[in-house]
1. Take the residues of the stretch 232-288 that are of a type in the set (S, T, Y) and free of Cβ contacts under 8 Å to residues at least 40 places away in the same chain: which is nearest to A146 (Cα to Cα)?
2. Could you please give the count of residues in the stretch 338-361 that are surrounded by fewer than 19 Cβ atoms within 10 Å (Cβ to Cβ) and more than 20 Å from K419 (Cα to Cα)?
3. Taking the stated definitions as given, is D73 at positive phi and more than 12 Å from the ligand (Cβ to nearest atom)?
4. Could you go through the stretch 312-319 and let me know if any residue there is buried (at least 20 other Cβ atoms within 10 Å of the Cβ), within 14 Å of the ligand (Cβ to nearest atom) and closer than 18 Å to G82 by Cβ.
5. Are any of the residues in the stretch 101-108 over 20 Å from C284 (Cα atoms), among the charged types (D, E, K, R) and not in a loop (DSSP other than H, G, I, E, B)?
6. Is it true that E273 is among the charged types (D, E, K, R), near the ligand (Cβ under 10 Å from one of its atoms) and on the phi < 0 side of the Ramachandran plot?
7. Pairs only if they're at least six apart or on different chains, beta carbon under 9 angstrom, first in the stretch 189-203 and touching a residue at least 60 places away in the same chain (Cβ under 8 Å), second in a helix (DSSP H, G or I) and of a type in the set (A, V, I, L, M); list them, first residue then second.
8. Given the stretch 268-348, what strands (runs of 3 or more DSSP E) lie entirely inside it while holding 2 or more residues that are among the aliphatic types (A, V, I, L, M)?
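What follows is calculated from the coordinates using simple rules that are stated; it is not laboratory data. Every value quoted in this text rests on a predicted model; they were computed, and no experiment measured them. All Cβ positions, glycine included, derive from the backbone under ideal geometry; neighbour counts span all protein chains shown.
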Amino acid sequence: MNIQIPRGTQDILPGESEIWQFIETKAQDVCRRYNFREIRTPIFEHTELFTRTVGDTTDIVQKEMYTFKDRGDRNLTLRPEGTASVARAYVQNKLYGSATQPNKLYYYGPMFRYERPQSGRMRQFVQFGVEAMGSADPAIDAEVLALVMDIYKEVGITSTKLVLNSLGDKESREAHRQALIDHFKPSIHEFCSDCQMRLEKNPLRILDCKKDRDNPLMKSAPSILDYLNDESREYFEQVKAHLDRIGLPYVIDPTLVRGLDYYYHTAFEVMAEGEGFGAITTLCGGGRYDGLVEEVGGPSTPGIGFAFSIERLIMALKAENLVQEANPSIDCYLVALGDEAKDASVELLYQLRQAGISADKDYLDRKMKGQFKAADRLNARYTAVLGENELADGSIVIKNMETGEQVSQPLTDFVEYIKREIEGGLKA
Ligand code: HAM
């Protein structure tokens, strides 16, 4: 039987995995510069964590969660996102009491959503995210935005747009909510059944509906920015002022509402602007979620963060032609001829690796030509040939594959010689 990979998942093979490693390293470097530290949480959590925080009228909770009962009859869910888990861990481990405040955390790992797979939309995808918890200073909003834009800059993506909105505080959101109900109610029968259900429960979600996107009432819907109270407006002004101060460009989009319920004040997305990009142009989403920590049983704690998937980042890199096939190389390939030399090469190979040299040998009983071909394919910088004659006089022939130059060295000096050559080459 030919078993295939589940829909919406992918294998990342050598050649592609190097791009992932490159992105991981860059993102971690930027986080280190901004003094964010890594947190790792489980891949599954109690289902209630997500229904309570992401929101029970969201698409994620209603349609997309991988939920199952374990053998102990517990209701568990493969995490659809990372923020709720970080908030849970923050409370459970009492990070609100830790000496370093605010807690600036980043995470990296697979998330699961039962969505209709298409380019940029997977059922298993990997998010890189950050959460800064414990500060309501608008300067930290600007810091988080600067951080994500720095990651895009570091990996080389240039065609991005930072889109910003404010969802206001509780009072502003309540006023806006009522305005939305008044706006949509007379014509709600034109909308899908989900939106009809959302009207009273959570009308903001209507603005996020994929089915009713083109209904003219969407465009004319009341803008949250007209309902911000003085405090919320002032907060938003300060965030923008900080962005202006550091020269980070952004555009305001009052229709940006995000697909999760926990946001207040700042909400943002990074969009791809490159040509040849698919239908899904959102690379990253995030915002402020004052109230989330309380929702999972902790003390009132402000927080802000974002997450982006590596899959969409790679799409953006490809759209800008920035992905090159990885061409890895090794330092040394051992060519061994004859049974005795083959046995000796096992030991030499081990010694090379102990000395920190990347090395390999033949395991398929190839002839000399085949072994040289294998060395070529691996882009070996040096090839060392050990035949019966060399073994007899305790030497080995080393070929610099770039220059073609060959030297014979005593076997006892071999590892040191390769090490010196490689270190010299690195300095040159
Ligand atoms: P989100 O907008 O649901 O927010 O997802 C954030 C990012 O994850 C998206 O912009 C996209 O890059 C990626 N993503 C989401 N779904 C998929 C998918 N099916 N396939 C591929 N990539 C996907 C959150 O998850 C929030 N937790 C972000 C956040 C952190 N807010 C505050 N802190």
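1. Per the stated criteria, the residue is T282.
2. Residues meeting the conditions: 5.
3. Against the criterion (at positive phi and more than 12 Å from the ligand (Cβ to nearest atom)), D73 qualifies.
4. Within the stretch 312-319, one or more residues are buried (at least 20 other Cβ atoms within 10 Å of the Cβ), within 14 Å of the ligand (Cβ to nearest atom) and closer than 18 Å to G82 by Cβ.
5. no
6. No, not satisfied.
7. Close Cβ pairs satisfying both conditions: D194/I206; R198/L204; R198/I206.
8. Of the strands (runs of 3 or more DSSP E) lying wholly inside the stretch 268-348, those with at least 2 residues that are among the aliphatic types (A, V, I, L, M) span 303-309, 332-336.
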